[in-house]
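The next block holds one structure in the form of structure tokens; read it before the comments.
The values are calculated or read from the model by the stated rules, or taken from the named source; none is laboratory data. All values derive from a computational prediction rather than experimental measurement. Positions of Cβ are generated from backbone atoms using ideal geometry, with glycine treated the same way; all protein chains shown enter the neighbour counts.
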């Protein structure tokens with residue numbers, strides 16, 4: 001994490017350098033300006049945490065300057081210094097938003113204490129905002145379960161959480177990529193700062209740019225006032241860009257500049273602004289395929305994938321399904337105002353036998369529907385209606401096949417490739433052997449060349 005940055009605006013060079021040297025010795029980073037114009041450039045590009053302003057400057061005074069600087073950074077706190085101290089001037093400065101008003105020559109130890117106090121107050125306010133946001137979020141543990149797949153993911157995530165490196169989370173839709181992103185932020189050095197997330201899917205280039213970078217007043221038709229982008233809001237915190245594979249190719253170079261130079265420009269602005277963020281990105285796309293098709297820049301990919309993490313699909317975590325199901329049942333009982341619900345053994349077997357194309361998100365939907373429609377304290381196999389789940393509803397594909405037909409054909413193909421060695425086929429499919437036997441029987445899949453008698457013998461051997 002960067003040191004706290006203090007902007008010193010003072011036209012007398014000796015005083016300016018004396019203040020800067022003293023504050024640097026106290027552990028602050030300093031930037032200096034000799035007039036209002038230079039101060040405004042510094043605020044827009046360097047994002048100081050506190051500004052110390054001399055009242056009289058060559059091109060204006062501190063009261064006018066505070067208004068100009070606040071348009072660049074609405075949260076910037078000010079300390080005003082003047083050699084012409086008066087009660088009226090102090091009251092006016094405070095009304096304009098100054099945190100403190102000191103007469104010159106300022107006592108430097110006192111100034112340092114004031115700056116530290118202001119910084120701590122700012123941080124406390126940000127922590128309160130961040131804590132309020134955290135309380136409003138679902139605090140699901142992304143590592144529920146004991147499967148080897150999720151244990152490997154847990155080990156990797158714990159090793160990288162405390163770093164400031166960019167993370168790319170890969171995985172199918174519904175596997176919990178967003179939950180993992182929240183967890184990484186909350187276990188990082190930036191956990192007290194803002195967590196800002198944006199799903200990039202479905203945004204046009206222009207809308208995505210204004211969401212990320214903000215815009216100046218008059219930047220385009222309808223821009224009646226300046227807008228602060230999400231990158232500025234997340235300063236010193238974490239930005240989570242979900243579905244980063246959908247980012248327009250013309251926006252990608254601007255995002256790369258943020259990561260490499262920690263700078264960006266609002267739309268309609270000609271000045272660079274500085275921002276300190278950690279990026280976490282996620283996608284369900286095949287990024288190698290996107291790069292081959294020239295729809296995603298390889299330099300940006302390598303920059304965002306310093307640490308790649310892949311969330312395993314639920315079909316590879318069959319042993320974790322009881323843990324996840326019980327977690328959701330407890331949460332749903334609270335959210336729906338229902339009595340506590342449990343699963344029968346046959347219901348658990350049914351959950352573990354299902355392929356879960358919608359992954360964890362689909363599991364939650366199935367359980368919520370079962371609670372709402374059954375009204376039973378103990379959910380049975382019959383209460384679990386998979387067929388009407390939105391993500392996997394039996395619908396015709398472009399080839400006129402239902403998902404059941406697609407699943408049957410895939411199982412047949414795997415069985416053929418494994419020469420009907422059921423244990424090997426079950427391992428490839430990521431399901432228990434008993435579940436595969438159940439599917440074979442359910443779909444009436446016949447071994448090539450099998451007679452009804454030989455198939456009947458096979459069926460008996462599986463029970």
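Observations
- Residue among 46, 69, 76 that alone is in contact (Cβ under 8 Å) with a residue 40 or more places away in the chain and within 14 Å of residue 8 (Cα to Cα): 46
- On the stretch given as the range 261-286, residues that are in contact (Cβ under 8 Å) with a residue 40 or more places away in the chain, within 22 Å of residue 228 (Cβ to Cβ) and not in a loop (DSSP other than H, G, I, E, B) total 9.
- Considering 290, 267, 329, 336, the condition of being modelled with pLDDT under 95, surrounded by 15 or more Cβ atoms within 10 Å (Cβ to Cβ) and not assigned by TED's automatic domain parsing to the domain that holds residue 220 is satisfied by 329 alone.
- Pairs linking a residue in the range 186-206 that is in the same structural domain as residue 241 (by TED's automatic domain parsing) to a residue that is exposed (fewer than 14 other Cβ atoms within 10 Å of the Cβ) and part of a loop (DSSP other than H, G, I, E, B), with Cβ atoms under 8 Å and 6 or more positions apart or on different chains, are 187/162; 188/162; 189/1; 189/162; 190/1; 205/250; 206/220.
- Among the residues of the range 157-177, those identified as surrounded by 14 or more Cβ atoms within 10 Å (Cβ to Cβ) and out of contact with any strand residue (DSSP E or B) (no Cβ under 6 Å at 6 or more places or on another chain) are 157, 161, 163, 172, 173, 174, 175, 176.
- Restricted to the range 287-331, and to residues there that are touching a residue at least 40 places away in the same chain (Cβ under 8 Å), in a loop (DSSP other than H, G, I, E, B) and more than 30 Å from residue 384 (Cα to Cα), the residue that is farthest from the chain's Cα centre (by Cα) is 294.
- Any hit, the range 183-204, residues being touching a helix residue (DSSP H, G or I) at 6+ places or on another chain (Cβ under 6 Å) and within 22 Å of residue 363 (Cα to Cα): no
- Meets criteria (over 41 Å from the mean Cα position of the chain (by Cα) and either free of Cβ contacts under 8 Å to residues at least 60 places away in the same chain or in the same structural domain as residue 12 (by TED's automatic domain parsing) (or both)) for residue 92: yes
- Residue in the range 60-77 that is part of a strand (DSSP E or B), closer than 22 Å to residue 122 by Cα and in contact with a strand residue (DSSP E or B) (Cβ under 7 Å, 6 or more places away or on another chain) present: no
- Matching residues, the range 339-369, being at pLDDT below 90 and buried (at least 20 other Cβ atoms within 10 Å of the Cβ): 341
- Any hit, the range 10-24, residues being at pLDDT below 85, within 22 Å of residue 123 (Cα to Cα) and surrounded by fewer than 17 Cβ atoms within 10 Å (Cβ to Cβ): no
- Test: residue in the range 49-61 that is surrounded by 18 or more Cβ atoms within 10 Å (Cβ to Cβ) and more than 15 Å from residue 10 (Cβ to Cβ): yes
- The one condition in (1) crowded, with 21+ Cβ neighbours inside 10 Å; (2) farther than 26 Å from residue 294 by Cβ that residue 236 fails to fulfil: (1)
- Filter result for residue 448 (at pLDDT 85 or above, part of a loop (DSSP other than H, G, I, E, B) and out of contact with any strand residue (DSSP E or B) (no Cβ under 9 Å at 6 or more places or on another chain)): no
- Test: residue in the range 167-174 that is under 21 Å from residue 301 (Cβ atoms), modelled with pLDDT of 90 or more and in a helix (DSSP H, G or I): no
- Residue 219 fulfils the conditions (1) over 17 Å from residue 287 (Cα atoms); (2) surrounded by fewer than 19 Cβ atoms within 10 Å (Cβ to Cβ); (3) in contact with a helix residue (DSSP H, G or I) (Cβ under 6 Å, 6 or more places away or on another chain) except for a single criterion, (3).
- Selection count, the range 327-350, where residues are under 20 Å from residue 142 (Cα atoms) and touching a helix residue (DSSP H, G or I) at 6+ places or on another chain (Cβ under 7 Å): 3
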